[in-house]
Structures are given as C-alpha cells and as structure tokens.
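One structure below.
All of the numbers you see were taken from the coordinates with simple rules; none came from a lab. These numbers were taken from a predicted model, which means no experiment stands behind them. We place every Cβ from the backbone using ideal geometry, glycine too, and count neighbours over all the protein chains shown.
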Amino acid sequence: MTVTLTDSVKIGGLTLKNRLIMAPLQQYMGTPEGYATNHHIEFYGRRARHVALVVVESTAVSPNGRLFPSDIGIFTDRHVEPLRKITDAVHAQHTPVFVQLSHGGRKSSPEVTKRLIAPSAIAFDDNYGTPEALSLTDIESVVMEYRLAAKRSVQAGFDGIEIHAAHGFLIHQFMSPLSNKRTDAYGGAPENRARFLKEVLQAIREEVGRDYPVTVRISATDYAEGGLTPGDWAIMLKPLESGLDAIHVSTGGLVPVQPADVYTAYQLPHAAAIKPHFGIPVIAVGKIYTRSLADRILGDRLADMIAIGRPLIEDPDYAERLLMTRERQDDGERLTVLK
Ligand SMILES: Cc1cc2nc3c(=O)[nH]c(=O)nc-3n(C[C@H](O)[C@H](O)[C@H](O)COP(=O)(O)O)c2cc1C
C-alpha cells in the first residue's frame, strides 16, 4: 500500500497521527540564564495542532554548550519548570513533543561560554577561536551532562529526545575526521569517532530506559573533501541502531562551507542514501513544502517522515494547509494543489 503524509507511523512505541514533524527552530528568545519564556510557550503551542510531533529547538545540556546567548538550556533543575510550560502547551493540542539536546562544542557562543571545548584543538573559524581538546575526564563530565539533561527532559514532560549530532556541534565534531584528530579511543577509526555518541546514547538510555523515544539528528554530508558522507554515517550509526528510534537527516555545518545551491528537497538524496541501511524510520527535511512532494517521497520510500521548519515560522497554520491539500483520487485527478 502506498504510504502518504496522513498515514500514522511509530517512533519507538509512540504512535504519531501523521508523518509531518515540526523541525527544531531556534527562537533566540531564552533568558540570559537559558530559561524558556512566554514566547516559547506561545510559539510551540500555536504550531502544534496539526503536526504529528513538535521537536523543540536546540536546548543546551551545558552552560558551556549554548550556541547563542539567547538559547534555552536544560542544564539545571531550575530549567525544568519553564520547559514544562512548553510541553503542557503542546500537549494541550494533543501532540507529542521532543526536546533537542545539544552541546555546541567548538561552535558554542563566545559571549557566554567560559570554556570552549572540542574533540581536538581545531577552531571552526576566527570568531569562535581555538577550543581546548577534551580530556578523558572532561568527556565523562559532558556525558554526565547529557544524562542529567535526559532526566530533566522526562521531568519536563517531553515525550522523547532528539540528540543533536548535526550542524557541526559537539557530537558531529567527534564523528567527522575533519574536526576529530584524536589518537585515543575517541578518534581515528569510525568506531572510535562514534564512541562519544555511543556513550551519550547509553547514558541517556540508562536514565530513560529503552521504551522512551530517542532519535538522532545528523548532518549526512560535511560538504567538504575528506568530510563525512551518508555511507560513513551508516557505518557509524549501524551499531547504535538498537538504541535509536529514528534518524533525522540534515546536512552541513561542520566547516564554514555552504551547499552550492539550496533547492527543493536539497537534502533528500542524503536521507534516501541513509534509509536502506536502517530498519528504524528516517526523517527527511529541507525545502519539502508541498503535499504532493511529501507524498511522493513517502510513496517512493525515500524517507518515512517529513519535517518542515521555515514555513511554520511565518505561517503557524502551514501544517494544516499542507495536510488538507488533497492529493490524487483513485481516478488520478488532482483535487487541489498548494498555492
Ligand atoms: C531560524 C532557524 C532556526 C533553526 N534552529 C534549529 C535548531 O535549533 N536545531 C536544528 O537542528 N536545526 C535548526 N534549524 C534547521 C531546521 O530545523 C531545518 O532543518 C531547516 O530549516 C531546513 O528545513 P526547512 O526548509 O523546512 O526550513 C533552524 C533553522 C532556522 C531557519
């Protein structure tokens, strides 16, 4: 049977009412301490109704891991209550909500980061400056920060966690040979570069158990010679698949190189290249803005779910219009198309 956007799907044990996900979208509206505000409650609550799942923006597991000074965080127990107001607002619309747990590593905000850390002492660019290479004890501490963040995610009422391993942030820095030049157990062979993610995932699992949905967002390509490809990610993620519930496929951000062109579904080939390697669902994202395109992607089994970001910023009702746009009837006639 042909799968379409309105068909339900499961992420782990969680059944989603359709296959449209709200992608994480930083709001740059946290307090200086990293608390979520009324803006977040309104923003997420207003967009939650028609999507099957809301993924809340990059949320820092460490005070040293914020991407921007106005990021929200989850690095103390005091962060839980403001986040709980977001999950309440989304749940009021009968939609589940995940938190995206992140650490910026060498791309943490210079304004609010006391200690810039990374797998190796290699700068992203002059603005961020050169990070300190993490010691083994430092790695243990950061893994613990993820674990505590996972505990607080459950306390805040989130229905799942998306581990941010994309866009050149700390986990991605470990995965890519361009930013990871370590010669210990965390560098070199793919299995070693994936060790940090493996430990983060294990720590999260120890806290939340196997049944709680945990997904990972990756940058399938570094858009740079010698950088990661979907094939590399497949090799590194395959051993972790049993602990993961979905893979969300984005691209870029590791080095200051942009994709040559950002066209409709520009990241889809990367999701499609990842998908055959895994039994868990793969989420495609990036300029997939019409129902017909989404249905085509799902129908052709290039991905299992579609995430949308930017259209929801300007138009909180975009998901409703996207879902209500009818595709083909049995006779093949197109009923309506998106404007
Ligand atoms: C303003 C803005 C904020 C974003 N914040 C995040 C974020 O916090 N975490 C993340 O992984 N991606 C973030 N993204 C990327 C989006 O989740 C999404 O992958 C990207 O916008 C492409 O999808 P789209 O074409 O549907 O917008 C952000 C994008 C924008 C435009």
Helix-only [θ]222 nm of the chain, DSSP H runs n ≥ 4, -39500 (n - 2.57) each, per residue, nearest 500:
-8500 deg cm²/dmol
Phi-derived 3J(HN,Hα) across region 52-64 with the Karplus relation (6.51, -1.76, 1.60, θ = phi - 60°), rounded Hz, x for Gly and Pro, is 7, 7, 9, 10, 5, 3, 2, 10, 6, 7, 9, x, 8
Flagged links, alpha-carbon separation over 22 Å, of LYS10/LYS275; LYS151/LYS238; LYS198/LYS238; LYS10/LYS238; LYS107/LYS181:
LYS151/LYS238
Region 9-324: relative contact order as a whole-number percent, Cα under 8 Å and 6+ apart
16 percent
Order 257-266, 123-132 from most to least packed using the mean count of other Cβ atoms within 10 Å.
123-132, 257-266
Evaluate the Debye formula for the chain with equal point scatterers sitting on the alpha carbons, no solvent, and hand back log10 of I(q)/I(0) at q = 0.06, 0.07, 0.11 Å⁻¹, in q order, two decimals.
-0.19, -0.26, -0.66
Starting from the 7 Å offset along Cα-to-Cβ, what nm value, one decimal, do you get for the label separation of THR76 and LYS114?
1.1 nm
Please report the antiparallel percentage of the DSSP beta bridges confined to the chain, to the nearest 5.
10 percent
Residue among ASN18, VAL55, TYR28 farthest towards the positive dipole end of region 1-60, charges placed on Cβ
ASN18
Summing +1 per Lys or Arg and -1 per Asp or Glu among the other residues with Cβ less than 14 Å from HIS270's Cβ gives +1
So how far apart, in nm, are the two label points at VAL262 and TYR289 if each is 7 Å from Cα heading toward Cβ?
1.1 nm
Identify, among LEU136, VAL80, VAL285, the residue whose Cα sits farthest towards the positive end of the charge dipole of region 9-324, taking +1 on the Cβ of Lys and Arg and -1 on the Cβ of Asp and Glu, with the dipole about the Cα centre.
VAL285
Which of the helices in the chain meet the span-like rule: DSSP H, Cα axial reach of 20 Å or more, Kyte-Doolittle mean at least -1.0?
136-155
